[in-house]
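Trainee: Below are the structure tokens for one structure; questions will follow.
Taken together, the values in this text are just the output of simple stated rules run on the coordinates, not laboratory data. Everything numeric in this text was worked out from a predicted model, so none of it was measured. Ideal geometry is used to build each Cβ from the backbone, glycine not excepted, and the neighbour counts take in all protein chains shown.
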């Protein structure tokens, strides 16, 4: 089985089922709140809840390596957590799924990501609104990166949000160049697409890249590239001198797709709706790369095999759908 090394932000996801999301919350999307404001919300949210409140470790890169470990891969992870109950929960969750984690515990608090989820008979999938505390921001010292584990991995797993910390991102890029490791960047939010687009233009001839994101995010990157006289088809062309990027689009209201060797392929899976459920996209990415790197170790060996790419897309869709249907918002939680 493959080996993955991930570096990313940490947060404890708190899922609160409610009968009805207050109107004042519905106009907000991923609202940033201070830790004090977040804590002051809890008594009010306690009154709104319609079921059990669940807590689970979150964070994009963490969810990806956790899924990979769940599927049998060897997974390692580096980050910073707070020396609090949420930090202990986060550490315990990763151990449960077999992820070997290295944490700096210098922070007082661990970030939280609160999800209010409303489900009705008329809308069985429901709707959600999210709030995040600033404690989940980038706070990882470049010296925390474990070079030994990176150099012995099949792929370095990370997230676009780390680009906000220049010294950390420079360390990630330089290590991938030095050890010739594929770098997976999960976009995460629409606001990061221009950052990812710029990195794609700068790095695609230097490092084997895997860019994953939801359909809206990938289309935004394509638009950015077109404003820079290229597009996804051109930038993924392979001329034999370097490993062209692999771009994975996670289907939300359409089929999932993959761009490689100047072509675009769609999965044959027919049910990819609601892939944007919390955690499902990260699960999709973790499932895809576990399947993909299980086929062969060499990154470029799969570039000319469209059937292998489609097989991995189908597997990832099936796995992410299964997790969503079985566990709901609670990614891989048993």
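Trainee: Over the stretch 140-266, what is the relative contact order in percent, taking alpha-carbon pairs closer than 8 angstrom and at least six residues apart?
Mentor: Values: 205 pairs, mean separation 24.3, N = 127.
The normalised contact order for the stretch 140-266 reaches 19 percent.
Trainee: Largest first, please: the extent of the C-alpha atoms of the stretch 162-253 along each principal axis, to the nearest Å.
Mentor: Largest to smallest, the principal-axis extents are 38, 32, 23 Å.
Trainee: Sort 5-17, 185-197, 227-239 by the packing proxy (mean of other Cβ within 10 Å over each peptide's residues), most packed first.
Mentor: 5-17, 185-197, 227-239
Trainee: How would you order 285-294, 206-215, 59-68 from highest to lowest mean count of nearby Cβ atoms within 10 Å?
Mentor: The packing order, highest mean first, is 59-68, 285-294, 206-215.
Trainee: Expressed in nm to one decimal, what extension gain is obtained for the pair residue 23 and residue 105 from 0.36 nm per residue of sequence separation less their Cα-Cα distance?
Mentor: Working: separation 82, 0.36 × 82 = 29.52 nm, distance 3.75 nm.
Value of the extension gain: 25.8 nm.
Trainee: Continuing with the same structure: Counting only C-alpha contacts under 8 Å and six or more residues apart, can you give the relative contact order of the stretch 1-93 as a whole percent?
Mentor: 52
Trainee: Could you rank the peptides 70-82, 164-176 by their average count of other C-beta atoms within 10 Å per residue, with the highest value first?
Mentor: 70-82, 164-176
Trainee: Any chance you could run the full-extension gain for residue 89 through residue 180? It's 0.36 nm times the residue separation minus the Cα-Cα distance, nm to one decimal.
Mentor: My answer for the length gained is 29.3 nm.
Trainee: Tell me the relative contact order for the stretch 42-198 as a rounded percent, counting alpha carbon contacts under 8 Å between residues six or more apart.
Mentor: Value for the stretch 42-198: 18 percent.
Trainee: Let me ask another. Sort out for me the Cα centre separation of the stretch 61-106 from the stretch 196-242, rounded to whole Å.
Mentor: Cα centroid to Cα centroid, the span is 30 Å.
Trainee: Figure the gain on full extension for residue 141 and residue 229 (residue separation times 0.36 nm, minus the Cα-Cα span) and round it to one decimal in nm.
Mentor: Separation in residues times 0.36 nm, less the Cα-Cα distance, equals 28.1 nm.
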